[in-house]
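Report on the following structure.
The values are calculated or read from the model by the stated rules, or taken from the named source; none is laboratory data. What you see is a predicted model; the values in this text were computed from it and never measured. Cβ coordinates were reconstructed from backbone atoms using ideal geometry, including for glycine residues, and neighbour counts include every protein chain displayed.
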């Protein structure tokens, strides 16, 4: 069995399934999820703006996906990420769920 560190940079459907499973797991646990967006991402500093109010979404992934879609509709040219906070373990992680298409 691979450790999370060994599989952290895989791509494709397997990675997507793991991310969706993790989001569902966090929702079932009642973790607080914050949707954030930023015009540009920088390796040193990115100013993320909060979309809506951080919440637990009642354990319903569809409510979260709908909120992400609404943010994407209004800020389609921004990067969008989820920041998930689990107070039971005093931990926080985040990942990008939308990247804008590059302009040519």
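Computed values, structure above
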item	result
Positions within the range 21-52 being closer than 13 Å to residue 95 by Cβ, in contact with a helix residue (DSSP H, G or I) (Cβ under 8 Å, 6 or more places away or on another chain) and modelled with pLDDT under 90, in sequence order	23
Given (1) free of Cβ contacts under 8 Å to residues at least 12 places away in the same chain; (2) in contact with a helix residue (DSSP H, G or I) (Cβ under 9 Å, 6 or more places away or on another chain), index of the condition residue 97 fails	(1)
Residue that is surrounded by the fewest Cβ atoms within 10 Å (Cβ to Cβ) [pool: residues in the range 53-80 that are assigned to a strand (DSSP E or B) and out of contact with any helix residue (DSSP H, G or I) (no Cβ under 6 Å at 6 or more places or on another chain)]	53
The range 88-98, residues that are touching a strand residue (DSSP E or B) at 6+ places or on another chain (Cβ under 7 Å), over 12 Å from residue 36 (Cα atoms) and surrounded by fewer than 13 Cβ atoms within 10 Å (Cβ to Cβ)	93
